[in-house]
Structures are given as C-alpha cells and as structure tokens.
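Notes follow the structure.
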Amino acid sequence: MITLQRRQLAGHDILLARHGNHICSMRVDRDNNRVVALLDDGSVDSAPNLIAPGIKLPETVGSVLREDWKLLTAWAGMATAMGVLMAGAAVVLGTTADPAILEMLTANPYAAF
C-alpha cells in the first residue's frame, strides 16, 4: 500500500548530530543514497540515508514518479492518442454524416443529463 508521505532522510539527522550549527547547506546525492553537507570551515561531510540496507521506506510521490515514469508516460501518451482519435472522429462525423442522422443523435431525450 502506498502511503505517499514525506520521507525523512537519516543522513540529515546523522549530519546534524555530528556538526550541529556548523552546517552551511545540505544536499541529497540520490545516486549514492547519501546526504552531503557543506560545513562553515569549507569542508564537506556525508552520511548514508539508510540505517539498514534492507529497510523498506514509505513511498512518496517523488519516489513513485522516479520508479514508474516510463509507465506513466506510456499511459499519458495513450490517453492523448485516444483523445486525438476521438476528436478526429467527431470532426469527420460532423462533416460527412447525413444531417438527418445528426438531428436524430442530438434529439435523444437522455442527452440532457
């Protein structure tokens, strides 16, 4: 089950415990799964995000998009293609159909709902 909540990074807590107020900025290195901190003396320190390698963290919107972007892109492409096809069919039907048939289609009493 996807809970989609903000993920707390263990690396932030580790670096705050090590250096406290001496941290100027922090960034997340997603490739190495670490948090990197720039200290006020110009040095750099990093800490891992996972305390245990097998830990299962809750899913977030960003993590779902990073993992499933190909599937979501394919769905969006198919939905766009279907929309274009339906719009094209409506245009072709409106321009080539017999006016009596169009009148019959629009005279449906349930079309008002």
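The values are calculated or read from the model by the stated rules, or taken from the named source; none is laboratory data. The shown structure was predicted, so the numbers you read here are calculated from the model rather than taken from an experiment. Note: ideal-geometry Cβ built from the backbone for every residue, glycine included; neighbour counts use all protein chains shown.
Residues in the stretch 52-70 that are assigned to a helix (DSSP H, G or I) and either of a type in the set (Asp, Glu) or surrounded by 10 or more Cβ atoms within 10 Å (Cβ to Cβ) (or both): 9 in all. Could you say whether any residue in the stretch 71-94 is surrounded by 10 or more Cβ atoms within 10 Å (Cβ to Cβ), assigned to a loop (DSSP other than H, G, I, E, B) and without any contact (Cβ under 8 Å) to a residue 60 or more places away in the chain? Among the residues of the stretch 71-94, not one is surrounded by 10 or more Cβ atoms within 10 Å (Cβ to Cβ), assigned to a loop (DSSP other than H, G, I, E, B) and without any contact (Cβ under 8 Å) to a residue 60 or more places away in the chain, which makes the answer no. In the stretch 1-51, of all residues being assigned to a loop (DSSP other than H, G, I, E, B) and of a type in the set (S, T, N, Q), the one that is modelled with the highest pLDDT corresponds to SER43.
A residue that is under 30 Å from LEU15 (Cα atoms), of a type in the set (S, T, N, Q) and at pLDDT below 80 cannot be found anywhere in the stretch 87-107.
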